[in-house]
């Protein structure tokens, strides 16, 4: 991996899943907040300049806990969901990206997001310090290296 770059994940917690639409667990649609996260990454440095991808689903740590504690009574609809943006970025790019995300999602000082029309949580995960990293995110590193060869 590039010594200047790290794998980071920005997580926007949205609360419990919506019963229908792109915020529901059964939806095949891309969540609009996930799209906005990706657009923020493209806006600050240009399309595909910062390798990234988005996901929508239950907050894994909470879902795993609930499943272990509740067993057969586990209800996925009772677990908060989040949209994540995973990036392979330098500190400078990350420092530029985070305020852009806050601005693009219209997040105020009380964590109300105009884009999500609700209060959200927002966090940053250093993926490289997690047990599953970095092998499962190698495709971001490869995307960056392949792009650098083409430039």
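The values are calculated or read from the model by the stated rules, or taken from the named source; none is laboratory data. What you see is a predicted model, and the numbers here were worked out from it, not measured in a lab. A quick note on method: Cβ atoms are made from the backbone with ideal geometry, for glycine too, and the neighbour counts reach across all protein chains shown.
Exactly one of these conditions fails for residue 8: (1) assigned to a helix (DSSP H, G or I); (2) within 13 Å of the chain's Cα centre (by Cα). Give me its number. Against the list (1) assigned to a helix (DSSP H, G or I); (2) within 13 Å of the chain's Cα centre (by Cα), residue 8 comes up short only on (1). Only a single criterion out of (1) assigned to a loop (DSSP other than H, G, I, E, B); (2) surrounded by 16 or more Cβ atoms within 10 Å (Cβ to Cβ) is not satisfied by residue 27, namely (2).
The criterion of being assigned to a strand (DSSP E or B), at pLDDT 95 or above and farther than 17 Å from residue 4 by Cβ holds for residue 124. The set of residues from the range 66-90 being in contact (Cβ under 8 Å) with a residue 60 or more places away in the chain and either crowded, with 19+ Cβ neighbours inside 10 Å or in a helix (DSSP H, G or I) (or both) comprises 77, 78, 79, 81, 82, 83, 84, 85, 86, 87, 88, 89. Looking at the range 37-53, can you tell me whether even one residue there is in contact with a helix residue (DSSP H, G or I) (Cβ under 8 Å, 6 or more places away or on another chain) and under 17 Å from residue 121 (Cα atoms)? Yes; the residues of the range 37-53 include at least one that is in contact with a helix residue (DSSP H, G or I) (Cβ under 8 Å, 6 or more places away or on another chain) and under 17 Å from residue 121 (Cα atoms).
Let's see how each residue does on (1) closer than 25 Å to residue 48 by Cα; (2) at pLDDT 70 or above; (3) in contact with a strand residue (DSSP E or B) (Cβ under 8 Å, 6 or more places away or on another chain); (4) buried (at least 16 other Cβ atoms within 10 Å of the Cβ):
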{"position": "112", "(1), (2), (3), (4)": "no, yes, yes, no"}
{"position": "133", "(1), (2), (3), (4)": "yes, no, yes, yes"}
{"position": "137", "(1), (2), (3), (4)": "yes, no, yes, yes"}
{"position": "142", "(1), (2), (3), (4)": "yes, yes, no, no"}
{"position": "145", "(1), (2), (3), (4)": "yes, yes, no, no"}
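Would you confirm, using the coordinates I've provided, whether residue 22 is surrounded by fewer than 19 Cβ atoms within 10 Å (Cβ to Cβ) and in contact with a helix residue (DSSP H, G or I) (Cβ under 9 Å, 6 or more places away or on another chain)? When the stated conditions are applied, residue 22 passes them.
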